[in-house]
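Below: one structure in structure tokens.
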Amino acid sequence: MFTPEEFIGVITREIRKLNVKCAVAAVSGGVDSTTSAVVARLALGDKLIPVLFDTGFMRLNETSEIINNLTGLLPIRLIDVKEEFYRAMINMSDAEEKRLAFRSTFYNVLSRVVKDNDCDWVVQGTIAPDWIETTGGIKTQHNVLAQLGIETDKVYGFKLLEPLKDLYKDQVRVLARFLKIPSAVTERQPFPGPGLSIRAVGRLTMEKLEVTRWSTRIVEERLSGLGLSQWFAAVWEDNRTTSDELSKRIKDLGSGLTVDVFSIKGTGVKGDSREYGSVALVRGKLSSWSDVFNLYSRLTYGTNVTHVIYELASKGASGGYFAAIRAVVTDDYMTANVPMLSESLLSSIADELMSNKLINAVGFDVTPKPPATIEFE
Ligand code: XMP
């Protein structure tokens, strides 16, 4: 059983043995990085410098909300690095390329802050699923280096301290509550390090990023308080073609059902490996709403489809953006289920999203993990 007192005793003793001159803690405002910075501060006191990077891929008003949440807990410094991230990533399309570009920009910036402050260590909130999935080839997590054999002291000029690297999310939350970290942080849904850059799916443009930021706020507000583990929006160009072969697989579930395949790709996990597969959209009325939640089994088996989306609203025209609503329930984020949300709730969120003139259609992702990943990239 995980006991926070015991964990803190062991880990702070270990940190004190490291002879740290000064450490920069990269805090994102999420439970993992905040808890790791608080634990490190217990051992290092003022030798710890907590920083928050504004990468430009944060949600609406997120940086000021984070600073408010951490007041009195960590003397956080906000560093604006938006231009650096935009220069490195705008116009990039491939999911893995985006992740690699995010990671290298992130560590270049971090390395500069470490040098400017004459520090020798970086503290970060890596947890077990991060490195298990990165080393297993599922995806490149932005904060995994050491486990890939990258020697940060040689490449970036700092040593890496990851106090929570053997813990799972539920254990981190227990620890965070024990440390009296505010519930706005401990109960906050996870947000990926590369942020909205991987939720503006496919080619990253400023326009798509802003539509994603706007859609995220609506989906987060409308689905909060329902006990979900993670819920958000993802946005991409509404370019698709109808697949007769996939349409045939579901024709008995209702009348006039059609399956389209988008031009973008979406990540999934099949077996132990990561897939960069097709994203399918089901259009039409199903005889029963509960069948929506079984569509994925018909369309992913024996195909390269990784995400199945059920269309909730469409303006009919071509062009513009498609906004996907994603919601999952999970304990460990290694597998996840899709909650059976009601049609009326989802349709009313879709109507709100459709008020944006750049959004052409909206759907709900009905794919569990596996075969999908929680994110699309
Ligand atoms: P996937 O999409 O792989 O996501 O099923 C599992 C969990 O990890 C989060 N995630 C990330 N978190 N850096 C992070 O800190 C990342 O690069 C990253 N990518 C995915 C995702 O939001 C979900 O909670």
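I'd like to check one number: the per residue accessible area of the chain, probe 1.4 Å, reported in Å² as a whole number.
I get 41 Å² per residue for the chain.
Still on this structure, please answer the following. Could you pull out every one of the lysines with an alpha carbon less than 30 Å from that of residue 248, ignoring same-chain neighbours closer than 8 positions?
Qualifying lysines at Cα under 30 Å: 265, 270, 285, 315, 369.
Could you please tell me the mean projected area of the C-alpha convex hull for region 171-241, averaged over all directions and given in square nanometres to one decimal?
6.4 nm²
Shape of region 4-193 from its Cα gyration tensor (a ≥ b ≥ c, root eigenvalues): rounded if a/c is under 1.5, otherwise prolate when a/b > b/c, or oblate?
rounded
Another question about this same structure. Set Lys and Arg Cβ to +1 and Asp and Glu Cβ to -1, take the dipole of region 106-222 about its Cα centre, and tell me which of 164, 179, 189 lies farthest positive.
189
So for the chain, considering every pair of alpha-carbon atoms, how many percent are separated by more than 28 Å?
Taking all Cα-Cα pairs of the chain, the fraction more than 28 Å apart is 45 percent.
Another one. In whole Å, what is the distance between the alpha-carbon centres of region 173-193 and region 1-79?
That distance is 12 Å.
Out of 193, 284, 302, any idea which swings most in a Gaussian network model of the chain, alpha carbons joined below 10 Å?
302
If I build a Gaussian network model for the chain, linking alpha-carbon pairs within less than 10 angstrom, which residue out of 51, 155, 329 has the largest mean-square fluctuation?
Maximum among the listed residues: 155.
Now for a different question. Taking 45 Å as R0, compute the FRET efficiency from the Cβ-Cβ separation of residue 251 and residue 88 and round it to 0.05.
0.45
Assuming R0 = 51 Å, can you tell me the calculated FRET efficiency for the pair residue 297 and residue 97, based on Cβ-Cβ distance, to the nearest 0.05?
With R0 = 51 Å, the Cβ-Cβ based efficiency is 0.95.
Here's another thing I want to ask about it. For region 199-365, just say rounded, prolate or oblate: build the C-alpha gyration tensor, square-root its eigenvalues into a ≥ b ≥ c, call rounded for a/c under 1.5, and beyond that prolate if a/b exceeds b/c, oblate if not.
rounded
Check the straight Cα-Cα distances from residue 21 and name the lysines below 28 Å, setting aside those fewer than 8 residues away within the same chain.
The reachable lysines, counting only those whose Cα sits under 28 Å from residue 21, are 47, 115, 154, 159, 165, 180.
I'd like the carbon and sulfur percentage of the solvent accessible area for region 199-365, probe radius 1.4 Å, heavy atoms only, ligands and nucleic acids excluded.
After summing per-atom areas, the C and S share lands at 48 percent.
Further, regarding this structure: Straight-line reach from residue 82: which lysines have Cα under 17 Å away, leaving out those fewer than 8 places along the same chain?
Output for residue 82: 98, 208.
The values are calculated or read from the model by the stated rules, or taken from the named source; none is laboratory data. These numbers were taken from a predicted model, which means no experiment stands behind them. In this analysis, Cβ positions are derived from the backbone assuming ideal geometry, glycine residues included, and neighbour counts consider all displayed protein chains. When the accessible area is computed, the model is the full protein with side chains, heavy atoms only, and any ligands, DNA or RNA have been set aside. Shrake-Rupley method; radii C 1.70, N 1.55, O 1.52, S 1.80 Å.
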